[in-house]
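Please read the structure below before turning to the comments.
Computed from the coordinates by the stated procedures, all read-outs in this text should not be read as laboratory data. Given the structure is predicted, the values throughout are model-derived calculations rather than measurements. Here the Cβ positions follow ideal geometry from the backbone for every residue, glycine too, while neighbour counts run over all protein chains shown.
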Amino acid sequence: MILDVEKLLDLATRVLSAERFEHTLSVAVWAEELARHHGLDPVKARCAGLAHDLAKEIPLKNQIRFARRWKLLNYPEDEQYPYVLHGPVAAYWLEHYYGLKDVEVIAAVANHTLGRPGMCQLEMLIYSADLTEASRDFPKVDNLRQSLYDDLGKGTLACVEHTLIYLRESKRPIHPLTQLTYDDLQRRQTTIGTGS
Ligand code: DGI
Ligand code: FE
Ligand code: FE
């Protein structure tokens, strides 16, 4: 199916709690604003924002079951911290059961929690908009918002760095993909302008 904002909005209204729905709307609005600012497709940004947490409220046991069935488990940590599975589960469902065809939107939903090396701009946008939407409130959130506005790549790197610091400080385990995403974005910053 082609991207349909109204259908995704309707789906989000039906499957999400009021609180999660508010967060979802806020991600969609912020992602769309950033997309317009950076010359990216605003409809893709809005749709990916609306879809990113569709699987978040599926009980974790069932998320693990779906992830096993659909072969979405790539690291031992995926099962150890199953709250990182809702992106890949939603993306698989949207692609294979809902008929969504847009590969960038599917990837942005799949990778919104951990990122991945080689993220496209829409993936960066949703990863970062999720962390910095209007209702997020932590000391450096305004700096991150400004940084995303100034430069999407640098801003996303700052967002991943923030996540790493938060995980370390709260003594939570770091998923290998979060570290790989950080390393990749940092490398891309240092190689910008050198043609690689
Ligand atoms: O679904 P949201 O709450 O809107 O946000 P999210 O999808 O970014 O994050 C879900 C959770 O995943 C959040 O508690 C932070 C956590 N997370 C992100 N990266 C890592 C991680 N948890 C661990 N253990 N390791 C990570 O690298
Ligand atoms: Fe999420
Ligand atoms: Fe979210």
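For the modelled label position 7 Å from the Cα of V15 along Cα-to-Cβ, which residues of segment 82-97 have backbone nitrogen atoms closer than 17 Å?
It comes to 83-97, nothing else.
Below 8 Å between Cα atoms, with a sequence gap of 6+, how large is the relative contact order for segment 67-196 in percent? Please list the in-between numbers first.
Numbers: 128 pairs, mean separation 26.3, N = 130.
Rounded, it is 20 percent for segment 67-196.
Using only the C-alpha atoms of segment 1-102, find the volume of their convex hull and express it per residue in Å³. Could you put the intermediate results ahead of the total?
Details: hull volume 10.9 nm³, N = 102.
In segment 1-102, the Cα convex hull volume per residue is 107 Å³.
Stokes-Einstein D for segment 27-69 at 4 °C, 1.567 mPa s, Kirkwood Rh over Cα pairs, in µm²/s? Don't skip to the answer; put the middle values down first.
Details: Rh = 11.6 Å.
Estimated via Stokes-Einstein, D reaches 112 µm²/s.
Once the Cα gyration tensor of the chain is found, what semi-axes does its equivalent ellipsoid get, as square roots of 5 times the eigenvalues, in whole Å, sorted largest first?
Each semi-axis is √(5λ); the values are 24, 20, 17 Å.
What whole-number distance in Å separates the alpha-carbon centres of segment 96-121 and segment 9-53?
A separation of 14 Å, based on Cα centres.
May I ask you to evaluate 6.51 cos²θ - 1.76 cosθ + 1.60, the Karplus curve with θ = phi - 60°, for each residue of segment 43-52 and list the ³J(HN,Hα) values in order in whole Hz, giving x for glycine and proline?
Once rounded to whole Hz, the list reads 5, 4, 5, 5, 5, 5, x, 5, 8, 4.
May I ask you to list the trypsin sites (Lys or Arg not before Pro) in segment 129-196 that are in a DSSP loop and have at most 10 other Cβ atoms within 10 Å of their Cβ?
Numbers: sites: R136, K140, R145, K154, R168, K171, R187, R188; in loops: R136, K140, K171.
Counting only loop positions with at most 10 other Cβ atoms within 10 Å, the trypsin sites (Lys or Arg not before Pro) in segment 129-196 are K171.
Where in segment 1-39 does the label zone of S135 land, with the point 7 angstrom along Cα→C-beta and an amide N cut-off under 14 Å?
Under 14 Å, as judged by backbone N against the label point of S135, lie 13, 16-30 of segment 1-39.
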